[in-house]
Amino acid sequence: MRRLVAATAAASGVLLAGCAGPADGDGTPVTVFAAASLQGAFEEIAAAFEAEHPDVDIRPIVTDGSNVLVTQIEEGAAPDIVATANEQTFDRIADDVSEARIFATNTLVIVTPPDAETPVSDLADLADPGLNVVLCAPEVPCGAASGTLLDSVGVELTPASEEQNVTAVLTKVATGVADAGLVYRTDVVGRDVGVLDATGADEVISRYPIGVLDAAPEPDAAAEFVDYVTGDSGRAVLEARGFGAGSTR
């Protein structure tokens, strides 16, 4: 990554894998790839940005696991903007981004089904073989963070499944398919699930980079959006949804 600048914020809109095609509106079309944990925040920021910048059309945001999005870019997808849920995944395409900013941070919490009587009070309880625990896959930022957190407190467990994004973990827990899981703190805002703080989670911080790709079809409009995400308006949305402030790498 050529340069990482401190900031706090969120991002917005996109169509699938950088596919070309008619814009949704009359403005300059901008495509955004964003980590699944950013979906709600980016959609809110995109709507506010478009209201202030009618000459720019943020396409429906493409959200998925950061690993999936970066793999699509490595295979030829050409979004204007990419935002991932950790630096390690972003680093795979860092040479293709002229400037990147750490715009938000996140931490993990334990989730259980709503009104469940699951005997979970902290991370150690997740090792109970009688529990159906789901985690993000190790190659996904939330999975890497989960592994680091569990290792830090000496907890070993075999998850019932390993998901490709944090949304899938939360959905399985919220619907009772799983007894517990680890998701980002921001994912539980407004969701009907049980939430428990995890010992050591405040020491395992996920840092979110955002940047405009050098091959972006609309680099100027994309840069405007990134500035908005990392400015006061974007920061306010992110903070309201539980994200922490960005910091220098």
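The values are calculated or read from the model by the stated rules, or taken from the named source; none is laboratory data. No experiment lies behind these values; they were computed from the predicted model shown. In this analysis, Cβ positions are derived from the backbone assuming ideal geometry, glycine residues included, and neighbour counts consider all displayed protein chains. Calculation scope for accessible area: heavy atoms of the full protein, side chains included, ligands and nucleic acids excluded. Shrake-Rupley method; radii C 1.70, N 1.55, O 1.52, S 1.80 Å.
Roughly to the nearest percent, how much of the accessible area of the chain is carbon and sulfur, given a 1.4 Å probe?
Working: 4770 of 10230 Å².
Ligands and nucleic acids excluded, carbon and sulfur give 47 percent.
Which residues in segment 107-124 place their backbone N less than 12 Å from a point set 7 Å from the Cα of E162 along the Cα-to-Cβ direction? Within reach of a label on E162, which here means backbone N under 12 Å from a point 7 Å along Cα→Cβ, segment 107-124 contributes nothing. Taken one residue at a time, the phi angles of segment 174-185 give Karplus couplings (6.51, -1.76, 1.60, θ = phi - 60°) of 4, 8, x, 5, 10, 7, 6, x, 10, 9, 6, 4 Hz. Gly and Pro are set to x.
Counting pairwise Cα distances across segment 193-249, what percent come out greater than 16 angstrom?
On the way: 948 of 1596 pairs.
The calculated P(r) of segment 193-249 puts 59 percent of pairs beyond 16 Å.
In this structure the amide hydrogen of T199, modeled in the peptide plane, comes within under 5 Å of the amide hydrogens of L123, none closer than 5 places in sequence on its chain.
Rounded to the nearest 10 degrees, the angle from helix 219-229 to the longest Cα principal axis of the chain is 40 degrees. Using R0 = 22 Å, the C-beta based FRET efficiency linking S233 and I205 works out to 0.40. Taking every DSSP bridge with both residues inside the chain, close to 55 percent are antiparallel.
Put simply, the amide H of V56, placed in the peptide plane, has neighbours under 5 Å in T28, leaving out anything fewer than 5 places away on its chain. Evaluating 6.51 cos²θ - 1.76 cosθ + 1.60 at θ = phi - 60° for every residue in segment 80-96, the Karplus couplings come out as 7, 10, 9, 9, 10, 8, 7, 6, 4, 5, 4, 4, 5, 10, 4, 5, 9 Hz, glycine and proline recorded as x. Counting every Cα pair in segment 125-195, what percent are over 15 Å apart? When all Cα pairs of segment 125-195 are counted, 48 percent exceed 15 Å.
Tell me, what is a quarter of the convex hull surface for the C-alpha atoms of the chain, in nm² with one decimal? Walk me through the intermediate numbers first.
Details: hull surface 49.5 nm².
For the chain, averaging the hull's shadow over all directions gives 12.4 nm².
In sequence order, segment 40-55 has phi-based couplings of x, 5, 5, 5, 5, 5, 4, 5, 5, 5, 5, 5, 8, 10, x, 7 Hz under the Karplus curve 6.51 cos²θ - 1.76 cosθ + 1.60, θ = phi - 60°, and Gly or Pro positions carry x.
Across the chain, C-alpha contacts under 8 Å between residues 6 or more apart give a mean separation that, scaled by the residue count, equals a relative contact order of 32 percent.
Using Cα pairs closer than 8 Å and at least 6 residues apart in sequence, work out the relative contact order for segment 119-249, in percent. Mind showing how you got there, number by number?
Details: 137 pairs, mean separation 31.1, N = 131.
Taking the mean separation of contacting Cα pairs over the length of segment 119-249, I get 24 percent.
Could you work out how far apart the two model spin labels at A240 and D192 are, taking each label as a point 7 Å from the Cα in the direction of the beta carbon, and quote it in nm? About 2.4 nm, to one decimal. Spin-label model, S152/A94: points 7 Å from Cα along the beta carbon direction are separated by 2.1 nm.
Going from most exposed to least, what order do D115, D197, D128 have by accessible area with a 1.4 Å probe? Mind showing how you got there, number by number?
Numbers: D115 150, D197 105, D128 70 Å².
Sorted by accessible area, descending: D115, D197, D128.
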